[in-house]
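As structure tokens, the structure follows; a few thoughts come after it.
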Amino acid sequence: MPTDFPYYPINEFGPAMKGMAIGGLGIVHVFLAQFGIGGGLLLCYFQWLAQTGREPLARQFIDGYFKFVVLVSFVLGAITGVGMWFMTIQVSARTIGAMVGEFHWVWAVEWLFFCLEIVAGYCFYRYGPRLDDRRRMTLLAIYSVASWFSLFWINGILSWQLTPGRFLETGVMWDGFFNPSFFPSVIFRTITSMAIAALASFLVVNILPEFDRAQRTVLIHRATHFLAPALIMPVLGIWYFMVIPADSREWAMGGNVPMMMFFVLAIVCSTLISAYSLVGLLRYQLYINAATATLLLVLAVLATAFAEFVREGVRKPYSIRGYMFSNSLMPDDIRRFREVGCTHDDPYPLRDADSYPNPQVALGAHVYRNLCSVCHTPAASNGLTHLTEYWDETQLRLNIAMLQRTKPFMPPFAGTAAELEALVQWLRWNNDGKPATWTESHDEATLQQIQAWLDEAGTEPWVAVAAEGRR
């Protein structure tokens, strides 16, 4: 029977949940991209110092620093960028498809700016040392503007996922792009990029052999000025938190323990960097050696990782707020699957289908694959075995049927009562060590009770119900 729902092949990543696979790569890519953006701005600043005669060492520093920008940002940044496209398609093809479908022209424009960034950067790398100051500044300015506008366009798409704004009513692309969190996030990321570039410059200055201790001190103090804008980051953070949905704020403020923990760690790492930089470097003009510079850079990586985890996490139970759930289902899909089942039209067979003791357990594995596997593994990271090991059958049935109330950051269960019971039996079979035989469960009274719980829970996410109640 044909269906409008686009089933995609579902990939497995062994013991690592899919969020870890895409999140780990994404953190590296975001950090490298922000280093490249901030690096361009920092180089323009040093070129201005050089051609205005304010800093005789600036030109020499630029030529050495830019090599690191090229090697790290161009090479590793480009590789991880391609890797992000590949990984997102493997993990959530429908989500990335929706983003491309709505913003394909924006992404095309971003790609043009990226190409301009690469061309300008290569020209400076190849010819910069031989050019006069005016031409050097022109190339660096083109590189810097192009790299920042790559951030500008990508930021609109990423912030749309959490705060689509009027887009949900109008369907107008620009309403989604210039969404409520667009400006606080783009300013915040710009300042973060500047800070990362400054921290990286401290390490580069200590690595470059042509500078002595006194010269390094001068260059470090010049680069420290790029850390000053960090003073307004708390204000930007408050602004950002004020414009995101109320339930998203709640996840980071205690509604979800891991999210709250990473939120606090991001603040701690950022505070340590800011305190040392603003007090030690800006106020007291301290010297910073390679070891301390490395430590600060590691803290910046950790702050980026924790912040990106929170940014991704506060969207739950959505992948695209109000538009698509984290398991790639849309609200209409859940309503339909409550009637026909989430496995009804799935054309892809189960891997190792013969390993299951009966058809019901196999059906439960199929339900897990379609509804749960994007965020959970069976028994490894974020494993369902660990989460449900001490629940009895009644708890399993009730908690899954009322999933959006049991765990408000999860989408509603999208399947029939029979599929829910199959999932329960698959979980129990896993929790009991996967015995060779397993008795099927088809009690009519049990199925009726599950259906009653499903009807009571409804198909709306609890965050939407709670938001309506607040109104």
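The values are calculated or read from the model by the stated rules, or taken from the named source; none is laboratory data. Worth saying up front: this structure is predicted, and the values here are computed from it rather than measured. Here the Cβ positions follow ideal geometry from the backbone for every residue, glycine too, while neighbour counts run over all protein chains shown.
Structure values in brief
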| read-out | value |
| --- | --- |
| Unmet requirement for SER381, which otherwise passes all of (1) outside the structural domain of VAL30 (by TED's automatic domain parsing); (2) part of a helix (DSSP H, G or I); (3) of a type in the set (Ser, Thr, Tyr) | (2) |
| Residues of the stretch 121-163 satisfying the condition of being under 23 Å from the mean Cα position of the chain (by Cα), in a helix (DSSP H, G or I) and over 19 Å from ALA108 (Cα atoms) | LEU162 |
| Number of the exception - THR385 against (1) polar (S, T, N, Q); (2) touching a Cys at 6+ places or on another chain (Cβ under 9 Å); (3) more than 26 Å from ILE96 (Cβ to Cβ) | (2) |
| Selection status of ASP345, exposed (fewer than 15 other Cβ atoms within 10 Å of the Cβ) and without any contact (Cβ under 8 Å) to a residue 12 or more places away in the chain | no |
| Scope the stretch 240-295; condition within 30 Å of ARG405 (Cα to Cα) and free of Cβ contacts under 8 Å to residues at least 12 places away in the same chain; matching residues | PHE241, MET242, GLU250, MET253, GLY254, VAL257, MET260, MET261, VAL264, ILE267 |
| Filtered residue count, the stretch 205-240, keeping only those that are surrounded by 16 or more Cβ atoms within 10 Å (Cβ to Cβ) and within 28 Å of LYS316 (Cα to Cα) | 5 |
| All positions within the stretch 22-46 that are of a type in the set (A, V, I, L, M, F, W, C) and closer than 20 Å to ALA305 by Cβ | ILE22, LEU25, ILE27, VAL28, VAL30, PHE31, LEU32, ALA33, PHE35, ILE37 |
| Count of the stretch 363-393 residues which are farther than 21 Å from PRO9 by Cα and aromatic (Phe, Trp, Tyr) | 2 |
| Search result, residues across the stretch 113-134 that are modelled with pLDDT of 90 or more, more than 24 Å from SER150 (Cα to Cα) and touching a helix residue (DSSP H, G or I) at 6+ places or on another chain (Cβ under 6 Å) | ASP133 |
| Failed item, numbered, when ALA365 is tested on (1) assigned to a helix (DSSP H, G or I); (2) under 25 Å from the mean Cα position of the chain (by Cα) | (2) |
| Verdict on VAL70 being in contact (Cβ under 8 Å) with a residue 40 or more places away in the chain, buried (at least 20 other Cβ atoms within 10 Å of the Cβ) and of a type in the set (Val, Ile, Thr) | no |
| Members of the stretch 163-202 found to be without any contact (Cβ under 8 Å) to a residue 24 or more places away in the chain and either closer than 11 Å to PHE226 by Cα or not assigned by TED's automatic domain parsing to the domain that holds VAL301 (or both), listed by number | none |
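Here's the yes/no breakdown for (1) among the basic types (Lys, Arg); (2) modelled with pLDDT of 95 or more; (3) in the same structural domain as ILE244 (by TED's automatic domain parsing); (4) out of contact with any Lys or Arg (no Cβ under 7 Å at 6 or more places or on another chain):
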{"site": "PRO412", "(1), (2), (3), (4)": "no, yes, no, yes"}
{"site": "ALA418", "(1), (2), (3), (4)": "no, yes, no, yes"}
{"site": "TRP426", "(1), (2), (3), (4)": "no, yes, no, yes"}
{"site": "GLY433", "(1), (2), (3), (4)": "no, no, no, yes"}
{"site": "ILE450", "(1), (2), (3), (4)": "no, yes, no, no"}
{"site": "GLU460", "(1), (2), (3), (4)": "no, no, no, yes"}
{"site": "ALA466", "(1), (2), (3), (4)": "no, no, no, yes"}
